[in-house]
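Contents: one structure, followed by commentary.
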Amino acid sequence: MAQMTENEIKDIVAKVLGQMQSMKPASADWDSTQYGGRKFIGIYEDMNEAIEAANRGYKAVRAMSVEEREKIITEIRKLTREEAATMAALGVAETKMGRVEHKRLKHLLVADKTPGTEDIVSTAKTGDNGLTLIEMAPFGVVGAITPSTNPSETVICNSIGMIAAGNGVVFNPHPGAIATSNYAVDLVNRACRAAGGPDVLVCSMKKPTMESAAIMQSHPLIKLLVCTGGPGVVKAVLSSGKKAIGAGAGNPPVIVDDTADIQKAAKDIIDGCTFDNNLPCIAEKEVFSFDNITDELIAGMKRAGSYQITRAQADELAKIVLVEKTKKDGTTVKTVNRDCVGRDADVLLSKIGVSVGKDVRCIIAEVPFEHPFVQEELMMPILGIVRVKDIDEAIDLACKAEAGRRHSAHMHSKNIDNLSRFAKAVETTIFVKNAPSYAGIGFGGEGHTTFTIAGPTGEGITSARSFTRQRRCVMADSFRII
Ligand code: NAD
């Protein structure tokens, strides 16, 4: 994919900021219903109305041929490519998280590598008793909850897959990314209209809340819930009593053993860890490296744009990036400081009085296993590095850090026994060998992309077929041609 230059990025950010004046960016509440005076299609104040509209969209899609559906998807891909930079700049401006150029690349990835209707494959079984046909049918209206970390990327990726499967969709996006998410909802509806589809196919809320999510979760027209977010929301949809796909939190460990190409491993890890400032749930979060190559690995990471802080500085920074939150029952938990998530490395370093230039893209620190830089999913360009004596200790600690989330894990090694042992032990949905983590979602690696990686419920790298239900039709004793 072609890279944008710094000046091109500055131009697009200036243009988007100009258009956003009308969205009142200075106020706490963003206007999630228009961009630059263009009113968004499919945005509702009431969740019940949004669901009814999505149901009308679903009925219109049901009446379409697969070819007509694919035309809508082709148009979504086209608009996503054309407006990728705008959505990237809007996402960073609204959420204050991530990097414009990386978000642009994520949109291009969604446009190019999210499967469409070709993903829906029927199967047939023939035998002495005739023919049985199994087709993948839509659920109806899907209720989708989307995160703040990949807001428009997830809305578009989900829309392509869910529409390809023949569903209507209603979104309850993250309130902190509502303008960006609704921009994407509008884009899908514009594409739908341009391709001759219904006026409104996918819907969203003007102001999504926990209450609107609760209405969605209990509404009889919602037949499938698809939730992309942290552990709280996955638990909520899995307790809803409806069929649910849950794409939850990760804390991906990386092992580097002493057979790896250490310089390549160092660069790959920093490239993956810093992509969109570590917002992707698959991104490298902590490293377990063999003691005998750790100095070389750290030197390589520094050459790749990292700044190493001391243990004392790591402790000081940990107290800033994690804050105590009091739960409803009065107990306290450590949670990430939202003012630090997805921020640039130099901004985070400035919080502990370290001044570096913009060229520093990652903060690295040697820490013990118990340190928050290892245990917590920070979603910041901060990488804790733990020295291990051998592969047994590496696998043991890496599995403990992943903590049964079954999300993602990565390894740099040329020892196939070590690679196989870790892959088997960690049981993650994604396991990347000798590449940056994003190879696991098709960015520089084979295979389709998704921004909804469903580990807890097992759909894995979701695609159109994940949003279908099986139906069987039996013709007894006939319809064979042999
Ligand atoms: P978040 O959990 O704060 O929010 C996700 C969505 O859930 C938002 O729309 C939010 O409003 C909603 N929500 C939260 N609690 C809810 C509840 N009880 N009922 C209904 N809705 C609720 O997540 P975020 O900060 O936007 O995203 C980051 C998290 O999501 C990380 O943990 C990351 O690993 C995870 N994530 C996972 C995937 C994946 O594919 N597995 C993809 C992206 C993000």
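The values are calculated or read from the model by the stated rules, or taken from the named source; none is laboratory data. In this text the structure is predicted, and so the values were computed from the model without any measurement. Reconstructed Cβ throughout: ideal geometry from the backbone, glycine too, with neighbour counts over all protein chains shown. We work out accessible area using only protein heavy atoms, side chains counted, and drop any ligands, DNA or RNA first. Shrake-Rupley method; radii C 1.70, N 1.55, O 1.52, S 1.80 Å.
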For the stretch 158-245, what is the Kirkwood hydrodynamic radius in Å, using each pair of distinct C-alpha atoms?
13.8
Which length gain, in nm to one decimal place, applies between Lys206 and Lys78 when the Cα-Cα distance is subtracted from 0.36 nm times their residue separation?
43.5 nm
One finds the C-alpha centres of the stretch 305-329 and the stretch 203-279 to be spaced, in Å, by 22
Relative packing of 407-416, 332-341, 291-300, which averages over residues the other C-beta atoms within 10 Å, highest first:
407-416, 291-300, 332-341
Of all accessible surface on the stretch 380-446 at a 1.4 Å probe, what whole percent is carbon and sulfur?
47
When DSSP beta bridges are limited to those with both residues in the stretch 348-482, what percentage is antiparallel, rounded to the nearest 5?
20
For the stretch 76-230, inverting the pair-averaged 1/r of distinct alpha-carbon atoms gives a Kirkwood value in Å of 16.4
Rounded to the nearest angstrom and ordered from largest down, what semi-axes does the equivalent ellipsoid of the stretch 253-446 get from its C-alpha gyration tensor (root of 5λ)?
25, 20, 16
Rounded to the nearest 5, what % of the DSSP beta bridges within the chain are antiparallel ones?
35
Give the residue from Thr429, Gly37, Val367 lying farthest towards the positive end of the charge dipole for the chain; charges sit on Cβ (+1 for Lys and Arg, -1 for Asp and Glu) and the dipole is referred to the Cα centre.
Gly37
Within the set Lys113/Lys223; Lys206/Lys285; Lys71/Lys206; Lys302/Lys433; Lys264/Lys400, which residue pairs have Cα atoms separated by over 32 Å?
Lys206/Lys285
Volume per residue of the C-alpha convex hull in the stretch 1-103, rounded to whole Å³
128
Take every DSSP beta bridge whose two residues both sit in the stretch 253-446, then give the antiparallel share in percent to the nearest 5.
20
Full extension from Asp390 to Lys125: what is 0.36 nm times the residue separation minus their Cα-Cα distance, to one decimal in nm?
90.4 nm
In terms of the ratio Rg/(2.2 N^0.38 Å) built on C-alpha atoms, what value belongs to the chain?
1.00
The stretch 31-79 -> Rg/Rh from Cα coords, Kirkwood Rh, value 1.06
About its Cα centre, the stretch 253-446 carries a charge dipole, from +1 on Lys and Arg Cβ atoms and -1 on Asp and Glu Cβ atoms, whose size in debye to the nearest 20 is 540
Solvent-accessible area per residue, Å², over the stretch 253-446 with all protein chains present [probe radius 1.4 Å]
41
Let me spell out the model: positive unit charges on the Cβ of Lys and Arg, negative unit charges on the Cβ of Asp and Glu, origin at the Cα centre of the chain. What dipole size does that give, in debye rounded to 20?
1220
Given the options Thr74, Met210, Val474, identify the residue whose Cα lies farthest towards the positive end of the charge dipole of the chain (+1 on Cβ of Lys, Arg; -1 on Cβ of Asp, Glu).
Val474
Sparse-neighbourhood loop sites, GluC sites (Glu not before Pro) in the stretch 418-469 - DSSP loop, at most 12 other Cβ within 10 angstrom:
Glu446
